[in-house]
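Colleague: Following this message is one structure expressed as structure tokens.
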Amino acid sequence: MKAFAAIAALLAAAPAGAAQRFAVIAGNDEGAQGRARLWYAERDADRMASAVRELGDFAPDNVVVLRGRNAAEVRAAITGLDARVLQAKAGGDRTLLFFYYSGHAGASGLELGASRLPYEELRALINASAADTKVAIVDACDAGRFTQTKGATFTASVDFALPTDEVEGTAFIASSAAGEAAQESSAIGGSFFTHHFELGLRGAADADGDGQVTLAEAFRYTSIRTTSGTAATEAGPQHPTYDIRMSGRGDVVLADLRRAEATLRLPADASATFIVRGPKNLLAEIPGSKETLALALPAGRYTVERRTPSGYATTEVDLERADVRTLPMLSPTRYDRARQKGGPAPLVAFAGGGITMAPLPGFGFAPAVRAGVRKELGDLGLRIHAEVARKDVSDDGLRYSFWSASGAAALVMPLLDGTIFLEGGLLGGYTFASQSVSAGASYTGGGPIAGGVLQATTRLGSIRLGLDLQAEARFFRLNDATVVRPGASLSLVALFNP
């Protein structure tokens, strides 16, 4: 329900002042009695209005936004622009009217709360406008009845980027076929149709790589992605429809990618799927291509994930205004992929060195070496590790050599996922220690340990590098009594697949 990029880029390549553009943008979360309240319709209308003002060269006072309004107010808004359209035409400007609706609909038409706007009346209102070119998008259930006309064919042949063309005609686009549900998803934050339509206009639909997205390219991409994306839903596949009748020359150019605040180029990687998260609630799932794919994006910080059958990888990209950045090839990290998606995971080994603290007077910290392995068990991870430490200690004139060996097992779970991956859990194990006094006597003993572990890592080349912190209570015999003393260790470790 967010076709906001459609008209935002519609005349992107047209020179300033070449055309006057007018828009009526309506969203209503409420439908007829008994209809469930929608999640995103009105919010998406706000985002649509913001986008056409920012990107489509619509003057702010030429954009009418209706949130939660009734059918009478929508009718009045469309007809109310006609006087200004005629005034613009009298001044020699080409004119365009854009209508967008997001909300409920049924077999008889749009449902704006308790009021109705029949499809035939809406078509008549659009066709009656004095604007040279009219584009209307309806993202709603059963919207295919809006485009359902005898003999309708895809005959668009107008280039909005050529304002000297004598362009006339209408384009009606619906997010679903007659009798179908138009579906929205909390996972993508909007409707399937408009989500993919926006991504197409941002470059995913630029099939010929010329830096422009035409109506034919955008609709083809959106139709395929919407149908495939809804195939497994409870409501079943959704099929966008159209009725486009225009005359002129060239193609309907919906987006000129050169006008973007910033550009991110995805490398040729046909086997991958890229997940892009960024500012303004942007979420994109884009299938890889055999060619480099340019995405027109707002400036800001983005997290990009690359997913393939062989693994998962992620990186962050900061895009400044006018930046053109190429995403480097990302190597899969199978451990990360297992954390994200679950399922079978490979064995991961880790090794490193650091310091450990023993509960002995005057001991302080001793150098230590740690190594272990980890295996995913559903949502948890099982890690088993060993640590060896040695130190020469001086305690009030008593000098002795100390060494210890410990082993522990821990169940860990993810706590933070991103550039820094943090996991933690509980551990239990056993420590064996020995003290050798300079006079030759030695003392040995051991006991169980119990505590917790935290590990924070980040990717560095082909490995992960991080800190491994362990804090525990140590149980041992002292003067024929069982005592408990605290212990801790900190190691710098490297993780790799053996």
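The values are calculated or read from the model by the stated rules, or taken from the named source; none is laboratory data. Since the model is a prediction, treat every value here as computed from it, not as a measurement. Every residue, glycine among them, receives a Cβ derived from its backbone with ideal geometry; neighbour counts consider all protein chains shown. Note: areas computed on protein heavy atoms with side chains; ligands, DNA, RNA excluded. Shrake-Rupley method; radii C 1.70, N 1.55, O 1.52, S 1.80 Å.
Colleague: Using R₀ = 25 Å, calculate the FRET efficiency as 1/(1 + (r/R₀)^6) where r is the Cβ-Cβ separation of Asp61 and Ala114; round to 0.05.
Modeller: Details: r = 30 Å, r/R0 = 1.20.
That gives a FRET efficiency of 0.25.
Colleague: Note the full-extension length gain between Gln87 and Thr482 as 0.36 nm times their separation in residues minus their Cα-Cα distance, in nm to one decimal. Could you put the intermediate results ahead of the total?
Modeller: Numbers: separation 395, 0.36 × 395 = 142.20 nm, distance 9.47 nm.
Stretched out fully, the Gln87 to Thr482 stretch lengthens by 132.7 nm.
Colleague: Further question on the same structure: Taking 0.36 nm per intervening residue step and subtracting the Cα-Cα distance, what contour gain separates Arg220 from Arg390 on full extension? If you can, show how the numbers build up before the last one.
Modeller: Values: separation 170, 0.36 × 170 = 61.20 nm, distance 6.77 nm.
The Arg220-Arg390 span can extend by a further 54.4 nm.
Colleague: While we're on this one: Quote the accessible area belonging to Tyr430 in square angstrom, nearest 10, computed with a 1.4 Å probe and with ligands, DNA and RNA left uncounted.
Modeller: 120
Colleague: Specify whether the C-alpha gyration tensor of segment 19-96 places it in the rounded, prolate or oblate class, a ≥ b ≥ c being the square roots of the eigenvalues: rounded for a/c under 1.5, otherwise prolate if a/b is larger than b/c and oblate if not.
Modeller: On the way: a/c = 4.28, a/b = 1.84, b/c = 2.32.
Oblate, since a/c reaches 1.5 and b/c is not below a/b.
Colleague: List the aspartates and glutamates whose Cα sits under 20 Å from the Cα of Lys89, skipping any in the same chain fewer than 8 residues away.
Modeller: Counting by Cα, and skipping residues close in sequence, Lys89 has these aspartates and glutamates nearby: Asp57, Asp61, Asp132, Asp159, Asp165, Glu166, Glu168.
Colleague: Measure off, as a whole percent, the carbon and sulfur share of the 1.4 Å-probe accessible area of segment 61-155, all protein chains present. The partial results should precede the final answer.
Modeller: Details: 1900 of 3670 Å².
Its accessible area is 52 percent carbon and sulfur atoms.
Colleague: Further question: So for the pair Tyr430, Leu382, with labels modelled 7 Å out along Cα→Cβ, what separation do we get in nm?
Modeller: In this crude label model, Tyr430 to Leu382 measures out at 1.8 nm.
Colleague: Starting from the Cα-Cα distance between Ser50 and Thr303, subtract it from 0.36 nm times their residue separation and give me the gain in nm to one decimal.
Modeller: Value of the extension gain: 88.7 nm.
Colleague: Same structure again: Run the quick spin-label model on Ile463 and Arg75: label points 7 Å from Cα toward the beta carbon, then report their separation in nm to one decimal.
Modeller: For the pair Ile463/Arg75, the computed spacing is 7.4 nm.
Colleague: Enter the Cα centre distance for the pair segment 413-436 and segment 256-334, rounded to the nearest angstrom.
Modeller: First find each Cα centre; the distance between them is then 34 Å.
Colleague: OK, next. Take the solvent-accessible surface of the protein heavy atoms, probe 1.4 Å, and return the percent of it on segment 263-332 that carbon and sulfur atoms account for.
Modeller: On the way: 1590 of 3380 Å².
So the carbon and sulfur contribution to the accessible surface is 47 percent.
Colleague: Rounded to the nearest 0.05, what FRET efficiency do Ala178 and Ala494 give with R0 = 56 Å and r taken as the Cβ-Cβ distance? Could you check?
Modeller: Details: r = 60 Å, r/R0 = 1.06.
The value I calculate is 0.40.
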